[in-house]
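In what follows, a single structure is set out as structure tokens and then discussed.
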Amino acid sequence: MQRQLSLCAVAIGIALGNPSAYAADSVIMEKITVTAQKREQYLNDVSIAVTAFSGEQMDALGLESSTDLIAFTPGVSLAGDIGGQRAIFNIRGVVQNDYADLAEAPVAVYVDGGYLASTQAQTFGLFDIDRVEILKGPQGTLFGRNATGGLVNTITAKPTEKLEGYAEGTLASFEQKRFEGAVSGALGEHVQGRLSVLVNKMGNILENIYEDGAAPDTRAGSVGGGEDGYNDDTKALRAQLNFNLGTNANLLLSANWADTTKSEGPYQVVNTTEVKDAEGNVIDVIYAADDPMGCDTIQAGVCVDGNYDGDPYRPVQGGDFNGNIDPDGSGVKVNKDFAFDDQNKIKSKGLSATFDYDFTTMHLTSVTDYKNFTRVIGLDSDQTASPELIFQSDGDITQYSEELRLSGESMALKWVTGFYYLGIETDYLQGLAASPTGGYLAGEEQNTLAEVDTDSYSLFGQVDYDLQDDLVLVAGLRVVRENKSLWGRLMQNANTDDRKIEVDYSLTPLNEVNLENNKTMWSAKLQLDYKPDADTLYYAGINRGVKAGNFNAPLGGSFSTYDPEVLLSYEAGTKLTMQEGKVQLNASLFYYDYSDYQSFSWVNNAGVVYNEDAHFSGAEVELFLNPTAALDVMLGVSYTNAVVEDLEVASGIFKDTTPPYTPEVQASGLVRYTWDLSSGSIAAQLSGSYQSESYHNARNFTAHTIESHFAADARITWQDQLKLWEVAAYVDNLTDSDHELIGFDVSGFYGTTQISYAKPRTFGLTVKRRF
């Protein structure tokens, strides 16, 4: 880290000392208009802790996916599953890492006013974007019942009257080829259209050295398996039509489609050992390499049989139950049988219609939205060459939403009110399948099936009332009625093809249930904003947020319900513009008091959500500097102290824990300098981010630790004088950090833990042409 900070200091020194610097427009000080409160406002006038990036900023900074934003947003970290193929936003420690497709995240994600119910849909490429807004803290008053942690609001670029567009191509390491483009313009006197496209293809990063029948486990593996992995093949399309319906009305129609094929989840194996007390409760998980006895499982200080083969010791000290050890640790080599480079398939499609009408004293907005997501996933559960269990899931989520919203303002009052409906139909299956040579479930598969229907109705309103010229009272309320039902079944039948999910519906279910989870919930907000001048804003308030309850449908079919979580948030913050707009300081303090916090606990091959009490506190600071016309500096730091109270980590054993993927400290920095050239300008950029230690499991055992890490990126960009041509060369993960990202503990099944690592150092070249 010291070496990278030194490089940053050198870059700043060179930039400040060069008299020929080009008087370029600042990238980070761009004035961004956002809709964080359902109306257009200048970012620095919004009394919410919000980080926003415009499309131009993201282009200049090289941000290409929804998760790229995390490094530059204090208090936001990454969670997920399937080795990172599904990513989930964690804001201020508020996260629920339930991988089931029936689960909804506590950080709501919206695209063009449409809510994304599927957590899988939250991992998407940013192409042809107008802006992205990341709102921290409960946003339930205006955005609904699943925004206790915050909100990620993405607004795509809209049709224009003038003919315009761009084409952008990228070549990068691992045979990556990426194309992004758009064309926009008038199609008639009152009609405009826009067509946007994204194509990304990346070769395999992981090299699989698997040989069927090779030692130490000579059992036959999955037929045709052992392929390389960690790749991507994505195609996406968006089409929009805008109709000007007279002077007061406008209709925007949009359609989108995306198709992604990837390898099975790019996890790697780390061998781990359960530690039990005399009663058999798992009280810790350690690294197998740290156990000199080489136990299957340690109970009350002695080795015990962990995989029921009659031997309490592992074939190799530091190995798993079958003697497997990862070929090169966190390197790119793996050795696993169930590995196919086109195993996982994710598809989405959607339609939306946004109608706006201006009355004399108010504005009407209607947002109608339809989405469908499908996901078929296969995963080598043990991540080794042994033919153990294969995890599989198949999800189909169809949702429809309608929002009718009225807004207006007078001399002292701004107001918004509306009605919202959301309907979700989820057909979800997850299971375990075993080859004939497998142990548990040999030659069979067991699948948990869940059909969940959700109908959610909301009435909401918020007012901003000027108590004085510089003092505003903000008050909001939302009432939600939600009806949810589940039909759950547990099925078991023969497994004849490891790559296909097979369910014999003619058989009698091992378990069958019908459950309901119907609730009335409410969110509220009360806040004071003090704005003594145009460059100064202070705010403080209390916010009540709720996240709807849901169902557990884990492997093994132990169906159950869990309650809504309720969050009381106390927050104060400031936004200060100084030095004639050359310095922007944003800071916030918060305290969260949770009731029935939804904590996801993963034990071996099953996960369940429990309701717990919790309290979080923290602070965030963002500093944007433009000391000269050519120099941009962006700094961010956050501190989060998150505690889930009395979590039952083992039967009858309770302790306070930290939520998964919640580092106590995060910091980031970016330096960008621009020089004038006869052909245009050139900008050099260096950025880095630090994250302190965290855990990938709610139980916080020893081997659940994700070590602290620092990552850096570098970028240099040339742009011609007319800003039509742009060429950028970049290096991502400059130091080739191999830090851990996501993990799942399956020690009790195989003596292993699934771990995914940061993508290796990547070199790339991007060429863009605007017109």
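The values are calculated or read from the model by the stated rules, or taken from the named source; none is laboratory data. Given the structure is predicted, the values throughout are model-derived calculations rather than measurements. Cβ: placed from backbone, ideal geometry, glycine included. Neighbour counts: every protein chain shown. With ligands, DNA and RNA removed, areas are computed over all heavy atoms of the protein, side chains included. Shrake-Rupley method; radii C 1.70, N 1.55, O 1.52, S 1.80 Å.
What relative contact order, as a whole-number percentage, does segment 147-263 give when Cα pairs under 8 Å and 6 or more residues apart are counted? Mind dumping the intermediate values first?
Numbers: 228 pairs, mean separation 24.7, N = 117.
This gives 21 percent for segment 147-263.
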(request) Post the alpha-carbon centroid distance, segment 229-289 to segment 423-486, in whole angstrom. (result) 16
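Net charge near Leu734, counting Lys/Arg +1 and Asp/Glu -1 over other residues with Cβ under 9 Å of its Cβ? Could you put the intermediate results ahead of the total?
On the way: positive: Arg761; negative: Asp713, Asp732, Asp736.
Charge balance near Leu734 sits at -2.
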(message) Can you give me the angle between helix 2-16 and the longest principal axis of the chain, using Cα atoms only, in degrees from 0 to 90, rounded to the nearest 10?
(response) 20
(request) Calculate the spin-label point distance for Val727 paired with Ala475, positioning each point 7 Å from the Cα along the beta-carbon direction, and give it in nanometres. (result) 6.2
(message) Using a Debye calculation, one point per C-alpha and no hydration shell, please list log10 I(q)/I(0) for segment 568-620 at q = 0.13, 0.14, 0.30, 0.32 Å⁻¹ in order.
(response) -0.55, -0.59, -1.04, -1.09
(message) Report the Cα centroid-to-centroid distance between segment 54-129 and segment 495-554 in angstrom, as an integer.
(response) 15
(message) What does the net charge come to around Ile28 if you take all other residues with beta carbon closer than 12 Å to its beta carbon, with K and R at +1 and D and E at -1?
(response) -2
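Averaged per residue, what accessible area in Å² does segment 117-186 show with a 1.4 Å probe, protein chains only? Mind showing how you got there, number by number?
Details: 1910 Å² over 70 residues.
Using a 1.4 Å probe on heavy atoms only, each residue of segment 117-186 averages 27 Å².
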(message) Once you compute Rg and the Kirkwood Rh from C-alpha atoms, what is the Rg to Rh ratio for segment 352-466?
(response) 1.32
(request) Per residue, how big is the convex hull around the C-alpha atoms of segment 394-542? Give it to me in cubic angstrom, could you? (result) 183
(request) Determine which lysines satisfy two conditions relative to Lys333: a Cα distance under 20 Å, and not lying fewer than 8 residues away in the same chain. (result) Lys262, Lys759
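If we sort 535-543, 741-749, 146-154, 665-673 on the protection proxy, mean other Cβ atoms within 10 Å, highest first, what's the order? Could the numbers behind the result be given before it?
Numbers: 535-543: 18.1, 741-749: 23.7, 146-154: 26.4, 665-673: 21.1.
Descending packing order for the listed peptides: 146-154, 741-749, 665-673, 535-543.
Starting from the exponent 0.38 and prefactor 2.2 Å, build the expected Rg for segment 548-676 from its residue count and divide its actual Cα Rg by it. Don't skip to the answer; put the middle values down first.
Details: Rg = 20.9 Å, N = 129, 2.2 N^0.38 = 13.9 Å.
Normalised by 2.2 N^0.38 Å, the Cα Rg of segment 548-676 equals 1.50.
Find the percent of Cα-Cα distances in segment 220-334 that exceed 26 Å, and round it to a whole number.
Working: 3380 of 6555 pairs.
Across segment 220-334, Cα pairs with separations above 26 Å total 52 percent.
Report, to the nearest whole %, how much of the accessible area of segment 212-332 belongs to carbon and sulfur atoms, 1.4 Å probe, protein only. Could the numbers behind the result be given before it?
On the way: 3000 of 5310 Å².
Of the solvent-accessible surface of segment 212-332, carbon and sulfur hold 56 percent.
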(request) Starting at the first residue of segment 315-324, write each ³J(HN,Hα) from the Karplus equation 6.51 cos²θ - 1.76 cosθ + 1.60 with θ = phi - 60°, in whole Hz, x for Gly and Pro. (result) x, 9, 4, x, x, 8, 4, 9, x, 7
(message) If packing is taken as the average number of other Cβ atoms within 10 Å across a peptide's residues, how do 88-97, 708-717 rank, most packed first?
(response) 88-97, 708-717
(message) How are the alpha carbon pair distances in segment 465-545 distributed across 5 Å bins from zero to the largest one, expressed in percent?
(response) 3, 11, 12, 10, 8, 7, 6, 7, 7, 6, 6, 6, 6, 4, 1
(message) Give the lysines reachable from Lys547 as a straight Cα distance under 19 Å; neighbours fewer than 8 places away on the same chain don't count.
(response) Lys136, Lys484, Lys519, Lys525
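How would you order 188-198, 76-86 from highest to lowest mean count of nearby Cβ atoms within 10 Å? Don't skip to the answer; put the middle values down first.
Values: 188-198: 16.3, 76-86: 24.1.
Final packing ranking: 76-86, 188-198.
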(request) Specify which labelled value, from (1) 16, 50, 30, 4, 0; (2) 16, 46, 31, 7, 0; (3) 12, 24, 18, 15, 17, 12, 3, 0, agrees with P(r) over Cα pairs in 20 Å bins from 0, in percent derived from the coordinates of the model shown. (result) (1)
(message) Around Thr662, under 12 Å between beta carbons, what's the net of Lys plus Arg minus Asp minus Glu among the other residues?
(response) -1
(request) Step through the residues of segment 495-508 one at a time and calculate ³J(HN,Hα) from phi using the Karplus curve (6.51 cos²θ - 1.76 cosθ + 1.60, θ = phi - 60°), rounding each to whole Hz and writing x for Gly and Pro. (result) 10, 9, 8, 4, 8, 10, 7, 10, 10, 8, 6, 6, 7, 6
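With viscosity set to 1.567 mPa s and temperature to 4 °C, compute the Stokes-Einstein D of segment 588-651, Rh being the Kirkwood radius across alpha carbon pairs; µm²/s, no decimals. List each step's numbers first, then the result.
Working: Rh = 15.0 Å.
Translational D for this selection: 87 µm²/s.
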(request) Sum -39500 (n - 2.57) across every DSSP H segment of at least 4 residues in the chain, then divide by the residue count to get the 222 nm mean residue ellipticity, nearest 500. (result) -1000 deg cm²/dmol
(request) Step through the residues of segment 60-77 one at a time and calculate ³J(HN,Hα) from phi using the Karplus curve (6.51 cos²θ - 1.76 cosθ + 1.60, θ = phi - 60°), rounding each to whole Hz and writing x for Gly and Pro. (result) 5, 7, x, 8, 10, 9, 4, 7, 5, 5, 4, 4, 9, 10, x, x, 10, 10
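Could you give the accessible area per residue of segment 482-567, probe 1.4 Å, as a whole number in Å²?
Values: 3920 Å² over 86 residues.
Counting only protein heavy atoms, the per-residue value for segment 482-567 is 46 Å².
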